[in-house]
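One structure below.
Where a number appears in this text, it was derived from the coordinates with a stated rule and is not lab data. In this text the structure is predicted, and so the values were computed from the model without any measurement. Glycine also receives a Cβ, built like all others from the backbone with ideal geometry; neighbour counts cover every protein chain displayed.
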Amino acid sequence: MLLSWVQWEFLIRGASVTLGVALLAFPLALFVAFVAGLSLLSQHKIVRILAIAYIEIFRGTSALVQIFFVFFVLPLFGLELPPIFAGVLALGMNFGAYGSHIVRSTIQNVDRGQWEVSTALNMPRTLAMRRIIMPQALIVMVPLFGNEFIRILKATALLSVVTVPELTFSGKILVGHTGLPGAVYGAVLLIYFAASFPLAFGMKWLEKKINAQFGIIAFARGTAE
Amino acid sequence: MPDTADSKAILDSVPCVEFRGVSKSYGSNQVLREFDLTVPAGQRLALIGRSGSGKTTLLRLLMTIERPDAGTINIDGEPLGWRSVDGKIVWREDDALRRVRRKIGMVFQHFNLFPHMTVLNNVIEAPTQVLGLSKREAADRADRLLSLVGMREKAEAWPRQLSGGQQQRVAIARALAMEPRIMLFDEITSALDPELVGEVLRVVRQIARDTGMTMLIVTHEMNFARDVADRVIFMSGGKIVEDGLPETVLGDPRQPETRSFLRSILER
Amino acid sequence: MNFDFHYAWSIVPALLEGVVVTLEATLTGMVIAIAGGLTLAIARLSRAPALSGVAISYIEFFRLTPLLVQLFFIFYVLPSYGIRLSGFTCGVIGLGLYYSAYMSEVFRAAIESIPRGQWEAATALSYSRSAIWKRIILPQTPPIVIPILANYTIGMFKESALLATITVNELLGSALKEASVTFRYLETITLVGLLYGMMSIAASLAAQNLERYFARHR
């Protein structure tokens, strides 16, 4: 369009780094979310408190502050990570905190009756949790975590401030070369949109399908981030 | 299907279900106060009364979904849940409890089918996972029971695709798959559209006819109660107000409270 | 690496000045977001397909693209059209535009949760459309909207940190400015984290109380 093919290609390469970072941060976030989310439901008070502390710390500060912390402060304590992995760590821990609420609330929102009928069928609690409750929670989690992935994609833009060569950083460099902030940032926004929109659409479709098949209502009420 | 000869042998010895001095409150609301009830093996007991009268609580306590605040519940003479450990009475969720609880099955007002499993899998889940049956044995059992409730063709359907009446019939098959000796029915038609009630009650009537199971039925369907039950109890405020034969309690009750309750039901 | 408490204490005043800017940005941004969100929600629910189409496009675009890039766009593009706005103003506009997309969905959910019967009854009583909005529908939205609004305000408070990248001296910006001179990132970033953390935890607790209050008085 207003940019040459070479320039578009440069941006797309940045976008591939964006995707790579997101694909690394997402599993980390999932892992953390499950550990923290299940800890919130633990019988032991100390486990719950640790989980709450972790979640409050990572939800109380923004991802950008956490990125700076991993990038500038951790090296002072001996943990020097290459920028990309610093970014993956920060985003993974941040989104893990938000994800933990998804894990906890989907489990808690499984209908009470499912626990009751499991008792009526003489199932031990652990069996009921494994075969009846968790599967239902997991089904609802899929579209919710799908939306979290989209948010992670957007959040990778923050890594541009610590010089990770993702899409936004590539944009900054290109603006420096071309002096066309409108065309470049416009293109950058378009690429983010082109990547996120199909995913968002897919999640909405998935929600409908899940509801049609299982009747488990997938509630979606996230915070803006 | 449970063996009728089996239950007849026990009939002569020990009462099947026994509530002794059972109390239960929810917050400030005392639903049952030192409640006593004996249900002999093989009896068909219908429980009627207004909501909040404690009838559903009785079933829930029996199924160990709730714990009594005081008193004991005995099944065939064995205590359910509460045991004496080092001189103290404690609730133990363990093998002993499960061994006693195995004899009891329950069907709920809102069916509670497993939405993430097909009809067939709903029925074989507990037999395979809890009783240790092989998939083949469980599937055979499921096949028989689904035929009994008239849902055999829908074995591969998902609960979401079924009507309320169909779901409830599957729920009955699922409960029967565990071969309980005591079946609890908690207002199983109250959540159904009127035209679907009949198909479910038909199944319960058949179970009553063909087996010797002890049945405790909480219901608002008076005609059904009259058909199936050999004893009816009217409860109010956590107490038994009237207790007797269906013809008496439902046809010509002695207590004025029973009369006014029945009148209000008929006016629906 | 040792934490220099003396140094940390000395920069607190500068950081608190940054907090003031953060709060100003958050409040202003929220005002824009609420106004914009309400407008978008009404447009979205309009029966004119052109209006609702524009609203939907706006909402989808602003929600699916990063706020940071939107801020860069506003900050770096406007000057080439002769509009010279401060980083703060650009930042506030950016926050406002971004969050109005989210706020509009909240308003829409609240409006749609009002039973259809009220619309019909009001029409039967000869209320004009604008009167129905003003006197019947919108006044019922606060109990549903306010708790969520509180949470979004806390979110905006944290995300205002992004304004540091467009030369605004809010909390993070003041800290980075300080660190760029002394290179003492340990104390500056730790303090920033602590300040954000304490304030947002306190605000979250207040928001939870607000949620409980409104849940009771529905």
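Quick rundown of the values:
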quantity: Most mobile listed residue (B:Leu162, B:Leu216, B:Leu58) in chain B, GNM with C-alpha springs under 10 Å; calculated: B:Leu162
quantity: DSSP beta bridge pairing in the protein assembly as shown, given as percent antiparallel to the nearest 5; calculated: 55 percent
quantity: Segment A:5-214 shape via C-alpha gyration tensor axes, a/c threshold 1.5; calculated: oblate
quantity: Cα lying deepest toward the dipole's positive end in the protein assembly as shown, options A:Ala36, C:Val12, B:Pro40, charges on Cβ; calculated: B:Pro40
quantity: Neighbouring partner chain Cβ atoms per residue of A:172-183, average, 10 Å criterion; calculated: 2
quantity: Net dipole in debye of chain A [+1 Lys, Arg Cβ; -1 Asp, Glu Cβ; about Cα centre; nearest 20]; calculated: 580 debye
quantity: Options B:Ile207, B:Gln129, B:Gly105, ranked by Cα towards positive dipole end of segment B:89-222, top entry (Cβ charges); calculated: B:Gln129
quantity: GNM top mover of B:Glu34, B:Glu153, B:Glu257 - chain B, alpha-carbon springs below 10 Å; calculated: B:Glu153
quantity: Links that overshoot a 24 Å alpha carbon limit, given the list A:Lys45/B:Lys103; B:Lys24/B:Lys239; A:Lys209/B:Lys154; A:Lys172/C:Lys177; A:Lys209/B:Lys135; calculated: A:Lys45/B:Lys103; A:Lys209/B:Lys135
quantity: Shape call, the protein assembly as shown: gyration tensor on alpha carbons, a/c limit 1.5; calculated: prolate
quantity: Average beta-carbon neighbours from other chains, 10 Å sphere, peptide A:141-154; calculated: 1
quantity: Rg [Å, one decimal], Dmax [Å, integer] - segment C:5-216, C-alpha atoms; calculated: 20.5, 71
quantity: Contact order normalised by residue count of segment C:5-216, Cα under 8 Å, 6+ apart, percent; calculated: 30 percent
quantity: Residue-averaged beta-carbon neighbours from other chains (10 angstrom radius) around B:123-130; calculated: 4
quantity: Lys/Arg +1, Asp/Glu -1 at C-beta; chain A dipole; positive extreme among A:Ala195, A:Ala212, A:Ala86; calculated: A:Ala212
quantity: Relative contact order of chain A, defined on C-alpha pairs under 8 angstrom at six or more residues apart (%); calculated: 27 percent
quantity: Only Lys, Arg (+1) and Asp, Glu (-1) charged, at Cβ; segment C:5-216 dipole about Cα centre in debye; calculated: 660 debye
quantity: Label-point gap, in nm, between A:Thr178 and A:Ile57 - each point 7 angstrom along Cα→Cβ; calculated: 4.3 nm
quantity: GNM result for chain A, Cα springs below 10 Å: residue of A:Thr178, A:Thr18, A:Thr106 fluctuating most strongly; calculated: A:Thr178
quantity: Shape of chain B, Cα gyration tensor, a/c cut at 1.5; calculated: oblate
quantity: Magnitude of the charge dipole, the protein assembly as shown, Cβ model with Lys/Arg +1 and Asp/Glu -1, debye to 20; calculated: 680 debye
quantity: Separation in nanometres of the label points that stand 7 Å from Cα toward Cβ, at C:Ser86 and A:Leu199; calculated: 3.6 nm
quantity: Percent RCO, i.e. relative contact order, over chain B, from Cα pairs under 8 Å lying at least 6 residues apart; calculated: 25 percent
quantity: Axial C-alpha extent at least 27 Å, average Kyte-Doolittle at least -1.0 - helices from chain A (DSSP); calculated: A:5-40, A:83-108, A:134-155, A:181-214
quantity: Sites C:Thr167 and C:Thr123 - FRET efficiency at Förster radius 56 Å, r taken between beta-carbons, to 0.05; calculated: 0.60
quantity: Förster-model FRET efficiency, 41 Å R0, C:Ala109 and B:Leu266, C-beta, rounded to 0.05; calculated: 0.40
quantity: Span-rule helices in chain C, defined as complete DSSP H runs reaching 30 Å or more along the axis (Cα) with Kyte mean at least -0.5; calculated: C:5-44, C:87-112, C:185-216
